[in-house]
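Notes for the one structure printed next.
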Amino acid sequence: MKSSLIKSAVIFLGLFFLYFPILVLIFYSFNENKRVMVWKGFSLRWYNELFNNEQIIESFIISIKIAALSATFATILGVMIGYSLVRIRKIPFKSFYIFLSSTPLVLPELILGLSMLLFFISLNNVIGFPSSRGQLTIFISHVTFCIAFVAIIIQARLTDFNKNIEEAAMDLGYNYSRVLYKITLPIILPSIIAGWLLAFTISLDDLVVASFTTGPGANTLPIVVFSKVRLGLSPEVNALSAILMFALIIIGLFYFYFNKKFKH
Amino acid sequence: MKNKLFEKYFVFSPYFWLVLFFFIPLAIIFKISISVSEWGMPPYQDIFLFDNGFKINTTFENYVYIFSDYYYIGSFVNSLILALISTFFCLLIGFPLAFYIATSNIRLRNILLVLVIIPFWSSFLLRVYAWKIILQNNGILNVILLNLGITSEPLQLLYNQYAVIMGIVYTYLPLMILPLYGYLNKFDLNLIEASKDLGLNRIKTFFKVILPLSVPGIVAGSLLVFIPVVGEFIIPEMLGGSDRLYYGKILWEEFFVNRNWPGASALAFSGIIILVLPIVIFQILYSRWSQKNEI
């Protein structure tokens, strides 16, 4: 009896700790007052101002565009890595392959961002491209570090499912590419969607790498938000937080729905 | 034989991308870190000079410079200490949570797991920002403390190292819980019962049975928290004060403020060597070892 009480208390306190800050943020987004911390009354004023703030809306569109594109590319390449690591025996310099596909997971973003920026500058000195940094360079950087996350999800899924199904199909006369499209792809499709959603969210949320690789006309949403809240508070950002948290949590729920790993 | 072509395509497309956009950039960091710095744009000299015959123009000056100045080493040590403390608190909060979730019944377990990880999906930057609101002088925590009569005037909770630790533990907690849960979930609960039947008390059961079996989860979770925290830039920038400098901040300033590209590259490359390389080697060895044991 006593131990189940402790158990409930630990779980309750843990969840409270995780959700309390989010609730505070949403609560203050309805504050009428310009001074964020002084409660004046319930109002949707800041939501209204948010939707009329061109800078935020514009950066939001840029971020969505970059996130959708880089998630798509990262998913294609990540699926290839996941498949290669599980199903293909002969990979030249396999340790190097594993190193390349797993290091971006643990490398601090700051180092990654710096290396990308210096790479683009050097590339420009050598071949004259890219002449300036912007959405393209952010896109390339985001693809590079999202690949690893997709690869892990696909690798886990392919390790889980039985290779015999593929072999049986081959024995029954399916050729290699037919097995891939008719058997393997449908089985890992939910994981591919889950990987895309994860890559999309990571790209949408990235501040550090984008700050390094950004240029004229490529202020992403996190860059704009960071410039607004670095030194103080902003009621518009409160309103944005509430909306964004809600949207991202929905995406997260979809991720769990598609990622079979969490179904026991 | 068609499949051979297919396999090549699958292996080499991402291979090409990662060599070009990941490995070469890392190589460039190394190259610039051993270049001689100078005033100008770019602020370093080429490492190969051709004007009077061929000459290699490299230096370890940049490494000597950062490793002999307490400003840089001190900041790196600060970051390591910060990461150690944060990892400890993540473990302290994360372990009981992961343990109790793993020992719940199946339906509740899945709901709880999703509930724990969902905040991780909401924006990182905004979750840090939330703590800025909570810890303000007239913020919710100070209001509670004042009303309970614990303090008579608002405490300065923001812009110090404690606020930074708070923010890190909060944002990185799900990264600790997930691998812990993964290992605890596999583990046979009957072992706990068995240990109790054999006369071990709760504390002994914890230290002799539960803890040793969850070591892989603890290691995985700690690495996932520890490494990114050492390079963390946003949280100290938003919640921290001038009381402590961290690795991320000085790397940022060395590059953007001091415009010392070779110095910043040397800092970054030292970070890779000290922090990331040991883990990558460990991972490769571990994956080889587990493959061998499977066969």
Looking only at the stretch B:35-55, which residues are loosely packed, with under 14 Cβ neighbours inside 10 Å and not acidic (D, E)? B:W39, B:G40, B:M41, B:F48, B:L49, B:F50, B:N52, B:G53, B:F54, B:K55
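Quick one: in the stretch A:216-227, of everything that is open to solvent by 20 Å² or more (accessible area, probe 1.4 Å) and of a type outside the set (V, I, T), which residue is nearest to the other protein chains (Cβ to nearest Cβ)?
Step by step, filter the stretch A:216-227, then rank; the result is A:S227.
Look through A:L233, A:L198 and report the one residue that is within 13 Å of chain B (Cβ to nearest Cβ), under 26 Å from B:L125 (Cβ atoms), open to solvent by less than 70 Å² (accessible area, probe 1.4 Å) and not in a helix (DSSP H, G or I).
Numbers: A:L198 fails: not in a helix (DSSP H, G or I).
Residue meeting the stated conditions: A:L233.
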Give the residue, chosen from B:I218, B:I281, B:I272, B:I250, that is touching a residue at least 40 places away in the same chain (Cβ under 8 Å) and open to solvent by 20 Å² or more (accessible area, probe 1.4 Å). B:I218
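Within the stretch B:156-167, identify whether any single residue is aromatic (F, W, Y) and either buried (at least 21 other Cβ atoms within 10 Å of the Cβ) or part of a loop (DSSP other than H, G, I, E, B) (or both), and answer yes or no. Please lay out each step first, then the result.
From the stretch B:156-167, those aromatic (F, W, Y) are B:159, B:162; that's our starting set.
Okay, now just the ones that are also either buried (at least 21 other Cβ atoms within 10 Å of the Cβ) or part of a loop (DSSP other than H, G, I, E, B) (or both), so B:159.
For the stretch B:156-167, residues aromatic (F, W, Y) and either buried (at least 21 other Cβ atoms within 10 Å of the Cβ) or part of a loop (DSSP other than H, G, I, E, B) (or both): present.
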With criteria (1) basic (K, R); (2) open to solvent by 90 Å² or more (accessible area, probe 1.4 Å); (3) assigned to a helix (DSSP H, G or I), A:K90 comes up short on (3)
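Filter the stretch A:236-253 down to residues that are in contact with a Lys or Arg (Cβ under 8 Å, 6 or more places away or on another chain) and within 9 Å of another protein chain (Cβ to nearest Cβ), then give me how many there are.
Residues of the stretch A:236-253 in contact with a Lys or Arg (Cβ under 8 Å, 6 or more places away or on another chain): A:236-237.
Next, only the ones that are within 9 Å of another protein chain (Cβ to nearest Cβ) stay: A:237.
Going through the stretch A:236-253 one residue at a time, the tally reaches 1.
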Please determine whether any residue of the stretch A:57-76 is at pLDDT 90 or above, within 14 Å of chain B (Cβ to nearest Cβ) and over 30 Å from A:I154 (Cβ atoms). yes
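In the stretch A:6-37, which residues are β-branched (V, I, T) and open to solvent by 30 Å² or more (accessible area, probe 1.4 Å)?
Our first condition is that a residue be β-branched (V, I, T); within the stretch A:6-37, this holds for A:6, A:10-11, A:22, A:24, A:26, A:36.
A:I6, A:V10, A:I26 - these are the residues of the stretch A:6-37 that are β-branched (V, I, T) and open to solvent by 30 Å² or more (accessible area, probe 1.4 Å).
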Every residue in the stretch A:93-118 that is more than 23 Å from the chain's Cα centre (by Cα) and assigned to a helix (DSSP H, G or I), please. A:K94, A:S95, A:F96, A:L118
If a residue has to be more than 8 Å from chain A (Cβ to nearest Cβ), part of a loop (DSSP other than H, G, I, E, B) and without any contact (Cβ under 8 Å) to a residue 60 or more places away in the chain to count, how many in the stretch B:105-138 make the cut? 2
Would a scan of the stretch A:110-123 turn up a residue that is open to solvent by 50 Å² or more (accessible area, probe 1.4 Å) and either closer than 21 Å to A:V208 by Cβ or of a type outside the set (G, A, S) (or both)? no
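The values are calculated or read from the model by the stated rules, or taken from the named source; none is laboratory data. A quick note: this is a predicted structure, and the numbers were derived from the prediction, not measured. With ideal geometry, Cβ positions are generated from the backbone for all residues, glycine too; neighbour counts draw on all protein chains shown. Please note that ligands, DNA and RNA were not included when accessible areas were found on the heavy atoms of the full protein model with its side chains. Shrake-Rupley method; radii C 1.70, N 1.55, O 1.52, S 1.80 Å.
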